[in-house]
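As C-alpha cells, the structure follows; a few thoughts come after it.
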Ligand code: 0L1
Ligand code: MG
C-alpha cells in the first residue's frame, strides 16, 4: 500500500460523491500515480463502510472484466472484484432512471447463488459448481464514475468496479445438466441484436470467475459465505444505453431479463 488512511478516506468520499451527485471525475491515479491495487481495494472498502453507515447493505459480490471482449474494450488483462448493494437492485422488466446515472452501459451475466461457503486459495471451477445452489440470468448496469470510462485497473477497483444497478430475471436453475460454457445469450437493444456470447466467454467458464473471486478474498483472509449472490462478469462487451432504450436479453435454458431506461 502507498496511501495513508486520510487519503483513502478522502478518495472514497470523492468517488462516492461522484456517484451520488451523478458527476464524472478524472481517474484518481492522475493525482495519485503510485496508488496500487491494495490501496484501490482499501478505497472500495471505505466506500462500503460509508454506504453501510447509511443503512445500505451488500446484496452480493461481482467479478468484472472477466471476458476477453471486456478486457479488450477497457484495455486491461486481469479481472477485478466489487460489491453490489441492495439499492442497486431493479426488478425484471423494471424502469431505470437514466438521469440518476452518468453514462450507463449494460452487460449480460450469469449469476451464482451458493449453498456452501467457498474458500481459497486453490478454489477452482469444480469446487464452485459443487457449492452452487442455483444460477440465474442477470444484467449489470455499470456506470463508471470516470469521465468517458477512461481509467486504469486501480482506478476502477477503487470505484467499486463501476457497480451501479443490476436486474435478475428468468428462472433459477441448479447447475446439474446445464453446460454453462456453451450456454448462449443474445442481447437486444430496442429490438435489434447488439451482442451475443456463450458462457465460455467468461474466462472459459463463468465458474472460473467465481473461483477467482474466492482466491482473491482468501488473500485477504476472507471466504464467500453460503447464500452469497455473485455476478460472474459480462460475457459480451458493455453496450451504452440512454433514456428511451429498452434492453432484452435471452439466455438459453434460463429465460430472459429486461429493463427500460426512462
Ligand atoms: O462489471 C465489470 O465488468 C466491471 C467493469 C469495470 C470497468 C467498466 O466500467 O467497464
Ligand atoms: Mg459486470
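Which FRET efficiency, nearest 0.05, do residue 99 and residue 1 yield, Cβ-Cβ r, R0 45 Å? Using R0 = 45 Å, I get an efficiency of 0.75.
Based on a Kirkwood Rh over C-alpha pairs, give the Stokes-Einstein translational diffusion coefficient of the chain at 37 °C and viscosity 0.692 mPa s in µm²/s. My calculation gives 180 µm²/s for D.
Computed across region 101-199, the Kirkwood radius stands at 15.7 Å (inverse of mean 1/r, all Cα pairs).
Go ahead and set up a Gaussian network model of the chain, Cα springs under 10 Å, then flag whichever of 240, 34, 89 fluctuates most. Residue with maximal mean-square fluctuation among 240, 34, 89: 34.
Take the alpha carbon atoms of region 141-211, find their center, do the same for region 224-247, and report the distance between the two centers in whole angstrom. So the two Cα centres are separated by 5 Å. Taking 0.36 nm per residue of sequence separation and removing the Cα-Cα distance, the residue 240/residue 190 pair yields an extension gain of 16.8 nm.
When the alpha carbon gyration tensor of region 13-155 is reduced to an equivalent ellipsoid, its three semi-axes come out at 25, 20, 17 angstrom, largest first. With both labels modelled 7 Å from their Cα along Cα-to-Cβ, the residue 223 to residue 55 distance reads 3.2 nm. Among 211, 108, 59, the largest mean-square fluctuation in a Gaussian network model of the chain, built with springs joining Cα atoms closer than 10 Å, belongs to 59.
For the chain, set up a GNM with springs between Cα atoms under 10 Å and report which of 222, 19, 140 has the largest fluctuation. Top of the fluctuation ranking is 222. Within region 154-262, the proportion of Cα pairs with more than 18 Å between them is 59 percent.
Values quoted throughout were computed directly from the atomic coordinates according to the rules given, and no laboratory measurement underlies them. Bear in mind that the values here come from a model prediction, so they are computed numbers and not experimental data. With ideal geometry, Cβ positions are generated from the backbone for all residues, glycine too; neighbour counts draw on all protein chains shown.
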